[in-house]
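The values are calculated or read from the model by the stated rules, or taken from the named source; none is laboratory data. As the structure is a computational prediction, the values presented were derived from the model and not from experiment. Neighbour counts are summed over all protein chains in view; Cβ atoms, including those assigned to glycine, are modelled from backbone coordinates with ideal geometry.
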Amino acid sequence: MKTNVKEIRLQVWEEVIGKCVKFETRKDQVVVIFRICGPKVRIAYPRNSDEGIILRRFGRKLVGQKIGILRTDIPAKPIIVRIMPKGDSTN
């Protein structure tokens with residue numbers, strides 16, 4: 001069922017932007033799948049990691065939205081999640 005989904009790991013100060021097509025909270029991890037100009041990209045974090053907790057706060061409301069996830073070197077905010085405005089023409 002995993003057709004053409006590429007798993008990525010963000011480097012510090014790297015951001016991925018795309019349309020969130022799936023959000024899953026599993027027993028051991030939180031998974032976000034994006035569509036970026038065609039191919040799908042998967043990001044996963046351990047469920048109880050700081051990143052996983054941040055993503056779980058947003059939850060399924062990310063699905064269908066154009067979002068960005070930025071990895072930082074800030075201990076209190078290891079990732080920053082942005083929901084893009086609806087009128088953003090860079091889809």
Checklist entry - In the stretch 1-20, how many are within 15 Å of Leu55 (Cβ to Cβ) and of a type in the set (A, V, I, L, M)? => result 3
Checklist entry - What are the residue pairs meeting all of these: first residue in the stretch 62-86, first residue farther than 18 Å from Ile36 by Cα, second residue assigned to a loop (DSSP other than H, G, I, E, B), Cβ atoms under 6 Å, and 6 or more apart or on different chains? => result Asp73/Val12
Checklist entry - Can you name the condition, by its number, that Gly52 falls short on among (1) modelled with pLDDT of 95 or more; (2) more than 17 Å from Trp13 (Cβ to Cβ); (3) out of contact with any Pro (no Cβ under 6 Å at 6 or more places or on another chain); (4) not acidic (Asp, Glu)? => result (3)
Checklist entry - Is there a residue in the stretch 3-11 that is among the β-branched types (Val, Ile, Thr) and modelled with pLDDT of 95 or more? => result no
Checklist entry - How do the strands (runs of 3 or more DSSP E) wholly within the chain filter down when requiring 2 or more residues that are surrounded by fewer than 15 Cβ atoms within 10 Å (Cβ to Cβ) and β-branched (Val, Ile, Thr): which remain? => result 77-83
